[in-house]
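There's a structure below that I have some questions on.
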Amino acid sequence: MNVGIDRLSFYAPSYFLDLHKLAAARGVDKDKYVLGLGQERMAVPPPDEDVVTMAASAALPIVEAGGAGDLDLLIFATETGVDQSKAAALFVHGLLELPSSCRAIEMKEACYGATAALQLACAWVAAHPERSALILGADIARYDLRSPGEPTQGAGAIAMRIAANPRILAIDPEHGVHAEDVMDFWRPNYREEALVDGQYSTRVYLASLVSAWERYRAASGRGLDAFRRPCFHLPFTRMAEKAQMRLHRAAGLPAPTPEDLQRILGDSLGYNRNTGNTYAASLYEGLVSLLDTCPEDLGGARVGLYSYGSGCMAEFFSGVVQPGYREALFAARHRAMFDARIELDYQQYEDIFHLALPKDGGEHAFAQYRTGSFRFAGLSQHKRIYEAL
Ligand code: COA
């Protein structure tokens, strides 16, 4: 019996900043961002959106299409938690009116969390094949203004229905893991902005890739030629090129040409290039981008997936795209969502960046911005209030 991704939905908030504008404001050559980092636009959440509203918006089409009757596990992976105690999954559980028989928990390990959730859910469904699980990954990538990480900021959410005999991607049982206690990227509880040693993090990402890949190769017996397309965690899209080159070097293969890299990776980078880093959602945003936009029918093709979370946890795994997968995608919906986004000017971006939540425990109703199907409407006695629109 195959188990894997049966539905796959992505959501990005409706505002964006063009990185040409950020480059102009910072006095930086725009090519550093566009070519050097591979980023064009960063998604900016309106002040009445957070990871809960984004994740609920990503999950909505899945629940609308298939109902939630067989759902008994909801895992929300995020490193932008909204409460130290209550799982963000429970707010989503309420907004989507999921059955009270469905467990709901939150999971964290930087950008790797959704992969841990996916593997757990696959094992769960393998043991209970008549049931399904819903995996959410949502984050707001936020660094200090004027820091090197600023142009890689972003926001977005992924939702995946995990089921037996999946329509999109059957996950292979083999995987290779690399875990190591390092400080390449972190966010102390008292900070809204992440701290990152970006050059070091890039080196750890690549060294962990080789370690995870070698373990995957030993477990599966597969070489690089087994994958028609790879998908990588994308802190910025140029990272995928570095990763593919490193895998070729580890395998003793000649370095891929720029044309090879574009052919192998191009379709998986389009969405992330336009949202920036979405942390827990990033790898799966790349997968949606590949499946939605690749003109070639990938039915039957094996896809390699590399998940990396700073700190660090890395995993290389794979899956086989199912024949007829396009019928199960939300490609038209994603296209319409990207087309409807609204561009901010630099000052609007900085004004939104500086908005802070009140901490006095009083009654606060928030202004309504252009948003998705759900909004973070206010605070009352330290409680977050969400509403469906
Ligand atoms: N035209 C084209 N390319 C240019 C350029 C220009 N005018 N100016 C610089 N570049 C290239 C550089 O050569 C470099 O490419 P390379 O990586 O192939 O050498 C790239 O742009 C980035 O330049 P660099 O000087 O390394 O940038 P930086 O030190 O300001 O920061 C990061 C880059 C990635 C380290 C930084 O954006 C960061 O920390 N991002 C966050 C990453 C993260 O969150 N990691 C943790 C999770 S995995």
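The values are calculated or read from the model by the stated rules, or taken from the named source; none is laboratory data. No experiment lies behind these values; they were computed from the predicted model shown. With ideal geometry, Cβ positions are generated from the backbone for all residues, glycine too; neighbour counts draw on all protein chains shown. Remember, those area values only see protein heavy atoms, side chains included, never the ligands or the DNA or RNA. Shrake-Rupley method; radii C 1.70, N 1.55, O 1.52, S 1.80 Å.
Mind checking which residues of the stretch 229-248 are more than 15 Å from the ligand (Cβ to nearest atom) and charged (D, E, K, R)? Reasoning before the result, please.
First, the residues of the stretch 229-248 that are more than 15 Å from the ligand (Cβ to nearest atom): 229-230, 247-248.
Listed by number, the list holds a single entry, R229.
Among the candidates V210, V196, single out the residue that is within 10 Å of the ligand (Cβ to nearest atom), of a type in the set (A, V, I, L, M), at pLDDT 95 or above and open to solvent by 30 Å² or more (accessible area, probe 1.4 Å).
Selected residue: V196, the only one of V210, V196 that is within 10 Å of the ligand (Cβ to nearest atom), of a type in the set (A, V, I, L, M), at pLDDT 95 or above and open to solvent by 30 Å² or more (accessible area, probe 1.4 Å).
Sticking with this one: Could you tell me whether any residue of the stretch 246-257 is closer than 30 Å to L134 by Cβ and surrounded by 16 or more Cβ atoms within 10 Å (Cβ to Cβ)? Break it down stepwise before answering.
Filtering the stretch 246-257 for residues closer than 30 Å to L134 by Cβ gives none.
So far as the stretch 246-257 goes, no, none of its residues is closer than 30 Å to L134 by Cβ and surrounded by 16 or more Cβ atoms within 10 Å (Cβ to Cβ).
Going by the conditions given, is Q84 within 16 Å of the ligand (Cβ to nearest atom) and either assigned to a helix (DSSP H, G or I) or not acidic (D, E) (or both)?
No: the conditions fail for Q84.
Let me ask another. Kindly evaluate Y216 against the criterion of being modelled with pLDDT of 95 or more, touching an Asp or Glu at 6+ places or on another chain (Cβ under 7 Å) and within 16 Å of the ligand (Cβ to nearest atom). Don't jump to the end; show me each part of the working.
Details: modelled with pLDDT of 95 or more: yes; touching an Asp or Glu at 6+ places or on another chain (Cβ under 7 Å): yes; within 16 Å of the ligand (Cβ to nearest atom): no.
When the stated conditions are applied, Y216 does not pass them.
Here is a further query. Can you confirm whether the stretch 125-136 contains a residue that is of a type outside the set (D, E, K, R), assigned to a loop (DSSP other than H, G, I, E, B), at positive phi and in contact (Cβ under 8 Å) with a residue 12 or more places away in the chain?
Just the residues of the stretch 125-136 that are of a type outside the set (D, E, K, R), to begin with: 125-129, 132-136.
Applying the additional criterion that residues be assigned to a loop (DSSP other than H, G, I, E, B) yields 128-129.
Filter once more, so that each one left must be at positive phi: none.
Within the stretch 125-136, not a single residue is of a type outside the set (D, E, K, R), assigned to a loop (DSSP other than H, G, I, E, B), at positive phi and in contact (Cβ under 8 Å) with a residue 12 or more places away in the chain.
Quick one: in the stretch 31-58, of everything that is charged (D, E, K, R) and near the ligand (Cβ under 8 Å from one of its atoms), which residue is least open to solvent (accessible area, probe 1.4 Å)? Step through it out loud before you land on a result.
Narrowing the stretch 31-58 to residues charged (D, E, K, R): 31-32, 40-41, 48-50.
With near the ligand (Cβ under 8 Å from one of its atoms) added as a condition, the list becomes 31-32.
Values: D31: 60, K32: 121 Å².
Only one residue tops the list, namely D31.
Restricting to the stretch 272-325, count the residues that are surrounded by fewer than 24 Cβ atoms within 10 Å (Cβ to Cβ) and within 15 Å of the ligand (Cβ to nearest atom).
4
Search the stretch 38-57 for residues being in contact with a Leu (Cβ under 7 Å, 6 or more places away or on another chain) and hydrophobic (A, V, I, L, M, F, W, C), and hand back the single one that is nearest to H20 (Cα to Cα).
Only one residue tops the list, namely M42.
Can you pull out the residues in the stretch 349-372 that are open to solvent by less than 40 Å² (accessible area, probe 1.4 Å) and either in a strand (DSSP E or B) or within 26 Å of P61 (Cα to Cα) (or both)? Spell out how you get there, then give the answer.
Looking only at the stretch 349-372, we keep the residues that are open to solvent by less than 40 Å² (accessible area, probe 1.4 Å), and these are 349-350, 352-353, 361-362, 371-372.
T371, G372 - these are the residues of the stretch 349-372 that are open to solvent by less than 40 Å² (accessible area, probe 1.4 Å) and either in a strand (DSSP E or B) or within 26 Å of P61 (Cα to Cα) (or both).
Further, regarding this structure: Hey, can you tell me all the residues within the stretch 95-106 that are under 18 Å from A58 (Cβ atoms) and exposed (fewer than 14 other Cβ atoms within 10 Å of the Cβ)? Write out each step before concluding.
Step one: list which residues in the stretch 95-106 are under 18 Å from A58 (Cβ atoms), which gives 95-98, 102, 104-106.
E97 - this is the single residue of the stretch 95-106 that is under 18 Å from A58 (Cβ atoms) and exposed (fewer than 14 other Cβ atoms within 10 Å of the Cβ).
Being in a strand (DSSP E or B) and surrounded by 24 or more Cβ atoms within 10 Å (Cβ to Cβ) is the filter here, so list the residues in the stretch 107-116 that pass it.
The first filter runs over the stretch 107-116 and keeps only residues in a strand (DSSP E or B), leaving 107, 109, 111.
Within the stretch 107-116, C111 is the sole residue that qualifies.
So, of the residues in the stretch 151-191 that are among the charged types (D, E, K, R) and crowded, with 19+ Cβ neighbours inside 10 Å, which turns out to be nearest to R7 (Cα to Cα)? Steps first, please.
First, pick out the residues of the stretch 151-191 that are among the charged types (D, E, K, R): 161, 167, 172, 174, 180-181, 184, 187, 191.
Imposing the further condition that a residue be crowded, with 19+ Cβ neighbours inside 10 Å reduces the set to 161, 167, 172, 184.
Working: R161: 5, R167: 7, D172: 17, D184: 33 Å.
So the residue we want is R161.
Filter the stretch 213-244 down to residues that are surrounded by fewer than 16 Cβ atoms within 10 Å (Cβ to Cβ) and free of Cβ contacts under 8 Å to residues at least 24 places away in the same chain and give me whichever is farthest from Y279 (Cα to Cα).
G221
Which of the residues spanning the stretch 117-145 are surrounded by fewer than 24 Cβ atoms within 10 Å (Cβ to Cβ) and either of a type outside the set (A, V, I, L, M, F, W, C) or within 16 Å of the ligand (Cβ to nearest atom) (or both)?
Q119, H128, P129, E130, R131, R142, Y143, D144, L145, listed by residue number.
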